[in-house]
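The values are calculated or read from the model by the stated rules, or taken from the named source; none is laboratory data. Quantities reported herein were computed from a predicted structural model and do not represent experimental measurements. Here Cβ is always computed from backbone atoms with ideal geometry, including for glycine, and neighbour counts include all displayed protein chains.
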Amino acid sequence: MSQKTSPLSTLVVQGREFLIKRDELFDPYLSGNKYRKLHKLLHTPSGKYKTIISYGGTQSNAMLALAALCKEKKWHFIYYTKKIAQIQKEQTIGNFFQALTFGMEHRELENELYRDFIATLDINLDADSYLVHQGGADSIAREGLEVLAQEIREQNPDVKSVATPSGTGTTALYLALALKEYTVYTTPSIGDVAYLKEQMRALSAIPDNLVILEPAKKYHFAKPYKEFYEIYCETKEAGIEFDLLYAPSLWLTLLQLTREKILYVHSGGVSGNESMLERYKKKGFVSL
Ligand SMILES: *Cc1c(COP(=O)(O)O)cnc(C)c1O
């Protein structure tokens, strides 16, 4: 996980040529935008902290990336979630299982207490510990996205537009702030455009070069959709695998609403596909 520049690849989808910034290639677990968002922690000397604390969903890519990072740094990693089902605890695939194998300490909270407890984490933090907010939606993410912006500038692709999908919007926002001379496209994957803007504004004012495209349909996060699976297969057959949670709606929306050549920044998350494909199989979307 040493400092290197991710390469650019060409990908032809539905007859259109895209450039792909291959951020998924850094590492199987600490990759994509989580690699960028955790750049500052990755470059923090091990001695600075003993414990990293975070919280959120149990299949989160941010959780897995933090678990991989803490393993490398020899930091203790405590991750808080709401109550989870026994069946999930017993799973031997997926991000949660993988993070546990990296030494993550999982702490479950009663659902009614979750919100209030999470709010106290900041207050009770000691000097040896660092708290990473859910999904890595944290101002520490800025530094790594400035590095990404500088890499793109130096690679000097013949495009004026960049695209990357949003969850919390942290990645797209800091990338747009650091890459003022490009249009940065994104789409929401969690909630609608209004919710995404609200999330972004908690970090910074939204710059004019950040364009949030509205998907044609309202999608619920982490639910299987036939058209998501289809665009996943299409891009995979074209030569690059993307994640099944965030990438599909951005791809569908870009193909529908844009015309120009775009540099798509791969956001990673491919390690979560195995468990997601299981769910697609159960739905009968995957013909195997
Ligand atoms: C976390 C994640 C996102 C969303 O990133 P935000 O910075 O929260 O908007 C997008 N794609 C993948 C694969 C992710 O893991």
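State all residues of segment 206-239 that are in contact with a strand residue (DSSP E or B) (Cβ under 8 Å, 6 or more places away or on another chain) and in a helix (DSSP H, G or I); if no residue qualifies, say none.
Listed by number, the residues that qualify are Glu234, Thr235, Ala238.
Could you check, for segment 128-141, whether at least one of its residues is surrounded by fewer than 16 Cβ atoms within 10 Å (Cβ to Cβ), in contact with a strand residue (DSSP E or B) (Cβ under 8 Å, 6 or more places away or on another chain) and not β-branched (Val, Ile, Thr)?
Kept after step one, since they are surrounded by fewer than 16 Cβ atoms within 10 Å (Cβ to Cβ), are these residues of segment 128-141: 128, 139.
Then drop every residue that is not in contact with a strand residue (DSSP E or B) (Cβ under 8 Å, 6 or more places away or on another chain), which leaves 128.
With the extra rule that they be not β-branched (Val, Ile, Thr), the set shrinks to 128.
Scanning segment 128-141 turns up at least one residue that is surrounded by fewer than 16 Cβ atoms within 10 Å (Cβ to Cβ), in contact with a strand residue (DSSP E or B) (Cβ under 8 Å, 6 or more places away or on another chain) and not β-branched (Val, Ile, Thr).
One residue is enough: does segment 83-90 have a residue meeting the conditions on the phi < 0 side of the Ramachandran plot, crowded, with 18+ Cβ neighbours inside 10 Å and touching a helix residue (DSSP H, G or I) at 6+ places or on another chain (Cβ under 9 Å)?
No, the conditions are met nowhere in segment 83-90.
I'd like the full set of residues that are under 15 Å from Gly15 (Cβ atoms) and either outside the structural domain of Thr168 (by TED's automatic domain parsing) or in contact (Cβ under 8 Å) with a residue 60 or more places away in the chain (or both), limited to segment 222-268.
Step one: filter segment 222-268 for residues under 15 Å from Gly15 (Cβ atoms), giving 231, 234-235, 237-239, 251, 254-256, 258-262.
Passing the criteria: Glu234, Thr235, Ala238, Gly239, Trp251, Leu254, Leu255, Thr258, Glu260, Lys261, Ile262.
Given (1) among the small types (Gly, Ala, Ser); (2) more than 24 Å from Phe26 (Cβ to Cβ); (3) not in a helix (DSSP H, G or I), identify the lone condition not met by Ala119.
Among (1) among the small types (Gly, Ala, Ser); (2) more than 24 Å from Phe26 (Cβ to Cβ); (3) not in a helix (DSSP H, G or I), the lone unmet condition for Ala119 is (3).
Keeping to segment 152-171, report how many residues are away from the ligand (no atom under 11 Å from the Cβ) and surrounded by 17 or more Cβ atoms within 10 Å (Cβ to Cβ). Can you show your working first?
Going through segment 152-171, the residues away from the ligand (no atom under 11 Å from the Cβ) turn out to be 152-163.
Among the residues that remain, those that are also surrounded by 17 or more Cβ atoms within 10 Å (Cβ to Cβ) are: 152, 159, 161-163.
Qualifying residue count for the region: 5.
In segment 183-205, which residues are closer than 22 Å to Lys34 by Cβ, in a loop (DSSP other than H, G, I, E, B) and over 16 Å from the mean Cα position of the chain (by Cα)?
Ala202, Leu203, Ser204
On the given criteria, is Gly144 at positive phi, touching a residue at least 60 places away in the same chain (Cβ under 8 Å) and of a type outside the set (Asp, Glu)? Full working, then the answer.
Details: at positive phi: no; touching a residue at least 60 places away in the same chain (Cβ under 8 Å): yes; of a type outside the set (Asp, Glu): yes.
Against the criterion (at positive phi, touching a residue at least 60 places away in the same chain (Cβ under 8 Å) and of a type outside the set (Asp, Glu)), Gly144 does not qualify.
What are the pairs with Cβ atoms under 8 angstrom where one residue, in segment 114-129, is touching a residue at least 60 places away in the same chain (Cβ under 8 Å) and the other, located anywhere, is among the polar types (S, T, N, Q)? Sequence gap at least six, or different chains.
Every condition considered, the pairs that remain are Asp128/Thr51; Ser129/Thr51.
Which residues, taken from segment 22-43, are within 13 Å of the ligand (Cβ to nearest atom) and among the basic types (Lys, Arg)?
Matches in segment 22-43: Lys34, Arg36, Lys37.
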